[in-house]
Amino acid sequence: PGLAAAAEPATEKDGLLVDQHNMPLYTYAKDDIDNGKSVCNDKCAANWPPLKAAAGDAEDGEWTIIKRDDGSMQWAYKGSPLYTFKADSPGKATGDGKADNAWKVVKVDSD
């Protein structure tokens, strides 16, 4: 068995959750987190690419996997589906607060 963190689809960098390419991760306020559903599809998903889960990935603790409308699988953290933003660059979160504050960069809890 390896380290538990190795199974997580994201890591913490400078207080933010980032994917394996150091791209900041976001949540979308309009998602239906009560039902584990992303409502960001089509053009929205082109601008805010979902953090995809691969076949064989397994849920662990606060990390869950949801099924998208297109049948693909997406990672969620604490119930919220996760996305990157196409205008970001590694380590630079420029999407925080977009769309009337619906998009929020994921900050890592210090507890």
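The values are calculated or read from the model by the stated rules, or taken from the named source; none is laboratory data. What you see is a predicted model; the values in this text were computed from it and never measured. Methodologically, a virtual Cβ is constructed for each residue, glycine included, from the backbone with ideal geometry; neighbour enumeration extends over all protein chains shown. Each accessible area value is taken on the protein alone, full model and side chains, heavy atoms only, with ligands, DNA and RNA left out. Shrake-Rupley method; radii C 1.70, N 1.55, O 1.52, S 1.80 Å.
Some values worked out for this structure:
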| quantity | calculated |
| --- | --- |
| Of the criteria (1) surrounded by 12 or more Cβ atoms within 10 Å (Cβ to Cβ); (2) in contact with a strand residue (DSSP E or B) (Cβ under 7 Å, 6 or more places away or on another chain), which one residue 23 fails | (2) |
| Among the candidates 46, 76, 55, residue that is hydrophobic (A, V, I, L, M, F, W, C) and assigned to a loop (DSSP other than H, G, I, E, B) | 55 |
| In segment 79-94, residue most open to solvent (accessible area, probe 1.4 Å) [restricted to those that are touching a residue at least 60 places away in the same chain (Cβ under 8 Å) and assigned to a loop (DSSP other than H, G, I, E, B)] | 90 |
| Residues located in segment 95-111, provided they are over 12 Å from residue 12 (Cα atoms), among the small types (Gly, Ala, Ser) and either open to solvent by 70 Å² or more (accessible area, probe 1.4 Å) or in a loop (DSSP other than H, G, I, E, B) (or both) | 95, 97, 102 |
| Residue satisfying all of: in segment 48-61; free of Cβ contacts under 8 Å to residues at least 40 places away in the same chain and open to solvent by less than 70 Å² (accessible area, probe 1.4 Å); farthest from residue 109 (Cα to Cα) among these | 54 |
| Total residues in segment 62-78, condition in contact (Cβ under 8 Å) with a residue 40 or more places away in the chain and open to solvent by 30 Å² or more (accessible area, probe 1.4 Å) | 1 |
